[in-house]
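What follows is a short report on a single structure.
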Amino acid sequence: MTSFLSAHGLAKQFGDSRVLDGVDFQLNKGECLVLLGPSGCGKTTLLNIVAGLIQADGGELLCDGQTLEAPERGVSMPMGERRFAMVFQDFSLWPHMTVAQNVAFGLKLKSHSRTEVERLTRRALERVQMSHLAERKPSELSGGQQQRVSIARAIAVDPRVLLLDEPLSALDARLREELKAELSGLLKDTGLTSIYVTHDQSEAFSLGDQIALMNEGRIEQLGAPEDMYRRPLTRFAATFIGSANVIPYQRRSGDFLLGEHLTLSNRDGALNHFPDTGHLVIRREAVKVVAAQTAPCQTDLNLEGICTQRHFLGERQEVTAEIHPGLTLRGFADQTFAPGTPVSLRINTDALHAVGR
Ligand SMILES: Nc1ncnc2c1ncn2[C@@H]1O[C@H](COP(=O)(O)OP(=O)(O)O)[C@@H](O)[C@H]1O
Ligand SMILES: [Mg+2]
């Protein structure tokens with residue numbers, strides 16, 4: 001199956017700085033691609049190129065068999081012809097119009113009949129549970145309600161692709177959770193194809209069929225959320241996603257030297273497939289912190305350490321333990337350890353993962 005929306009080597013330069021450097025992705029109809037990455041990595045620039053707000057200066061962008069961008073051939077389809085809709089972080093509503101007028105605005109531009117505009121406006125407002133506030137002005141709404149209107153306005157025109165640039169970033173934590181869940185349902189129910197920009201991994205995990213992890217203008221890794229979490233390909237991916245322990249190592253006569261001193265034995269050759277030098281990735285949940293001298297468990301790797309920090313997370317504690325001078329590991333504990341207390345760490349070796357770069 002050919003993909004619905006695809007980018008091939010998209011590039012963009014602002015002055016001397018290369019902001020996008022060969023971006024490739026493929027998105028099937030009805031899927032959500034999340035562009036995830038730290039501030040300044042090029043997410044908005046990429047989204048704006050897809051929208052047609054700015055032009056690429058290299059590569060190609062295709063949608064449903066049409067070429068949207070191909071700067072080498074002088075092609076850049078105007079924004080209005082792409083039939084994409086956009087949702088911004090700052091809502092971008094018309095302050096002098098009511099909720100209903102804001103939603104109807106884009107529909108009127110499409111020369112629908114008046115009754116059709118009313119029907120589509122009503123349907124879009126129902127989808128975001130805002131029908132009862134249709135006659136309010138944006139200034140009479142909370143941030144979460146304003147963003148619902150802006151989403152309604154975008155989906156009302158039945159866009160080929162919905163583009164969202166950090167739509168929840170201006171909202172407080174509780175509202176963000178609520179709207180994240182609603183958006184996830186909305187995208188599934190409507191079957192819309194979407195690109196969603198965020199720097200927040202929980203949004204990326206909830207919404208993305210695919211996540212494109214971006215770093216300095218490139219896609220560092222592209223994949224399903226679970227693959228990205230379990231099998232990061234680079235140190236950047238391991239560090240940015242989840243809250244992993246990332247420890248440099250070198251292979252030494254079969255075993256592995258962690259940091260400067262600590263040897264991790266390669267029992268039964270289980271770690272043979274690791275590169276000779278790299279970084280060991282150990283997710284916090286693979287490290288169980290228990291009282292020192294608890295009988296070791298056969299299948300796990302057992303380390304001794306001293307608790308240096310603990311954080312109460314509600315359902316459990318995160319404990320940081322020094323396992324060697326200058327080498328710490330974070331894991332989870334079911335009980336409270338005061339800093340300075342000796343602890344044992346049990347690491348599920350099945351969960352060990354290594355990245356070479
Ligand atoms: N119009 C512009 N002119 C010059 N530099 C820009 C412009 N837009 C973005 N940049 C730069 O491009 C880089 C990527 O920006 P952006 O795409 O907004 O990143 P993100 O959305 O991931 O935070 C940043 O270094 C930013 O300063
Ligand atoms: Mg941005």
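Values in this text are rule-based calculations from the coordinates and carry no lab data. Here the structure is a predicted model, which is why all the values come from computation and not from measurement. Every residue, glycine as well, gets a Cβ built from its backbone with ideal geometry; the counts of neighbours run over all protein chains shown.
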Test of understanding: express the Cα radius of gyration of the stretch 108-206 as a ratio to 2.2 N^0.38 Å, with N the residue count.
1.10
Separation between Cα centres of the stretch 1-73 and the stretch 88-163, rounded to whole Å
27
Which whole-percent values make up P(r) of the chain when all C-alpha to C-alpha distances are grouped in 10 Å steps starting at zero?
5, 21, 25, 21, 16, 10, 4, 0
With respect to the cross-link table entries Lys137/Lys180; Lys43/Lys288; Lys12/Lys137, which display a Cα-Cα separation exceeding 31 Å?
Lys43/Lys288; Lys12/Lys137
If a/c stays under 1.5 just call it rounded; otherwise compare a/b with b/c (prolate if a/b is bigger, oblate if not). Do that for the stretch 237-318, with a ≥ b ≥ c from the square roots of the Cα gyration tensor eigenvalues.
oblate
Please list 219-232, 330-343, 107-120, 157-170 highest first by mean number of surrounding beta-carbon atoms within 10 Å per residue.
157-170, 219-232, 330-343, 107-120
For n ≥ 4 DSSP H runs only, could you compute -39500 (n - 2.57) per run for the chain, divide by its residues and tell me the 222 nm figure to the nearest 500?
-7000 deg cm²/dmol
List the relative contact order of the chain as a percent without decimals, with contacts defined as Cα pairs under 8 Å and 6+ residues apart.
15
Quickly rank 178-188, 53-63 as a protection proxy: mean count of other C-beta atoms within 10 Å, highest first.
53-63, 178-188
For the chain, percent of DSSP beta bridges that are antiparallel (nearest 5) comes out at 75
Using 0.36 nm per residue of separation minus the Cα-Cα distance, give me the extension gain between Arg123 and Thr190 in nm, one decimal.
22.9 nm
Rg in Å to one decimal, and Dmax rounded to a whole Å, for the stretch 238-284 via C-alpha atoms:
11.0, 32
Taking the highest mean first, how do the peptides 64-76, 300-312 order by number of other beta carbon atoms within 10 angstrom per residue?
300-312, 64-76
Contact order normalised by length for the stretch 121-276, with contacts defined as Cα pairs under 8 Å and 6 or more residues apart; what percent is it?
12
State, to one decimal in nm, how far the label point of Arg230 lies from the label point of Arg267, with both points 7 Å from Cα in the Cβ direction.
2.3
For all pairs of alpha-carbon atoms in the stretch 182-313, what percent lies in each bin of width 10 Å, listed from the first bin to the last filled one?
10, 30, 30, 20, 9, 1
